[in-house]
Amino acid sequence: MADSYARRRYTIVGIDPGTTVGIAMIDLRGKLVEVFSAKNYSISDAIAWIAARGRPLIVASDVTPTPAMVKKISSVFASPVHDLGESLSTDEKIALTKGEDYEYKNAHERDALAACVNAFKHYKRKFTQVQKKTPAGVNVEVVKAMVVQGVSISAAIDRLIAPEEEKEQVTEEPRQSEGDSGVERERDGKTILRLRGLLKDKDARIELLEERITALETRLEEGEWERARLKRKLDSTRSASTRALKKAEEIRKRDRAIESLRAEVRAREQEKAELRGIIEALKGGGKRDVQGGKRITVIQTFSHDAIVDADKNYGLNKGDVVFLKDGSGGGASTAELLAKKGIVAVIYGKELSHFAVDTFSQFDIPTFSTHELPLLSIGDDDEEEGAFAFVDLHLLNERMEEWKRARREKEVVLLNR
């Protein structure tokens, strides 16, 4: 940390803003105080760095218009900005930073140093005049500072001499007082001078504290701004995350809908294929025409599901004759399900149970084995399962009449008992 003298001295500060900030400082004689650069250096950091090393009388930049950071720092220290007619060229900056023991490590430090040296050269002639005209005992640096602030050299010197004359009057007044010894007068004069010195130091400390307060307020302001920026960024990130989650959920819903539609399409395609087969079967496609034959519906097994499928695919209508390819599986309830479709006769392959035969009989439906009523055709020769078969219509009618006649005779016998 710089000492109290360093903080009180007047300086010229050059600033090169950017991602990497360059800061250079020289005194009012053009001598280098310090040069520095750092990445991501905030305005408050720069203000603290400058305040610890001197009181910036002039703030300068190497470009025009003046960057916002330079304006902000100049306003904090109430220091004027050295305005440029045009930005300094690279050649000019290299020339300005040669000699005088000027050293820098990179282009940012060079540009900052060139800015403050250029400002110093602007005031150098005036500073030389101040140096020549200021009498001994008057603070030359303070006169230079007042001149930069617009006060003439003579007026600045007069203002600084007046307090010195007041000091002399203070030391003379005790001599004119009667009864005071020379020792007391000298002691009182020294006390007053010491108190004035202390007061001056206090004023300087107050000024430094005010500058530090300003720097801290600036840092606080930047902190609030950064906090607001981070909050906006967090809100934006949360909003983006929410949008991403919503989008992901929409994609999942869409994928599920697509998969559902694909399943529906597959089901429709399968249904279409089945319907084409049914249409072909109904048209007699792939079946041999049997002259004098009656087409009958084939049910592969004597079961509830097989009956429902046959009804769904081909239709079991009133007056139909069905062929149970395997009649061994069903009982009374299965026979009743088929009978209620309105069929008029059943032909079976494997033997029907007597429960099924009795149930069909209760619905006046005759049953015939393939031995009693042979089939003329059952699909193509190369098909394992046919949808329809054919029987001789004349033989079918004959067998049905025989069954009905036998049933009537049986009923008469039962009545005569």
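The values are calculated or read from the model by the stated rules, or taken from the named source; none is laboratory data. Small disclaimer: the values here were computed from a predicted structure and weren't measured. Here Cβ is always computed from backbone atoms with ideal geometry, including for glycine, and neighbour counts include all displayed protein chains.
What the table shows:
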| quantity | calculated |
| --- | --- |
| Residue check for Ser377: surrounded by 11 or more Cβ atoms within 10 Å (Cβ to Cβ), of a type in the set (Gly, Ala, Ser) and modelled with pLDDT of 90 or more | no |
| Single residue of Lys93, Lys39, Lys31 found to be touching a residue at least 12 places away in the same chain (Cβ under 8 Å), within 30 Å of Ala156 (Cα to Cα) and of a type in the set (D, E, K, R) | Lys31 |
| Helices (runs of 4 or more DSSP H) completely within the range 39-118 that count 3 or more residues being hydrophobic (A, V, I, L, M, F, W, C) and in contact with a helix residue (DSSP H, G or I) (Cβ under 7 Å, 6 or more places away or on another chain) | 43-51, 68-76 |
| Count of residues meeting criterion [surrounded by fewer than 16 Cβ atoms within 10 Å (Cβ to Cβ) and among the hydrophobic types (A, V, I, L, M, F, W, C)] in the range 18-47 | 1 |
| Residue satisfying condition, being in contact (Cβ under 8 Å) with a residue 40 or more places away in the chain and either not in a helix (DSSP H, G or I) or not small (Gly, Ala, Ser) (or both), within set Phe368, Phe390, Phe355 | Phe390 |
| Filtered residues of the range 335-351 (kept if more than 15 Å from Thr297 (Cα to Cα) and in contact with a strand residue (DSSP E or B) (Cβ under 6 Å, 6 or more places away or on another chain)) | Lys350 |
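A quick yes/no check of all residues on (1) modelled with pLDDT of 95 or more; (2) over 21 Å from Lys31 (Cα atoms); (3) surrounded by fewer than 19 Cβ atoms within 10 Å (Cβ to Cβ):
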| site | (1), (2), (3) |
| --- | --- |
| Glu103 | no, no, yes |
| Gln131 | no, no, yes |
| Thr134 | no, no, no |
| Val151 | no, yes, yes |
| Ser154 | no, yes, yes |
| Ile157 | no, yes, no |
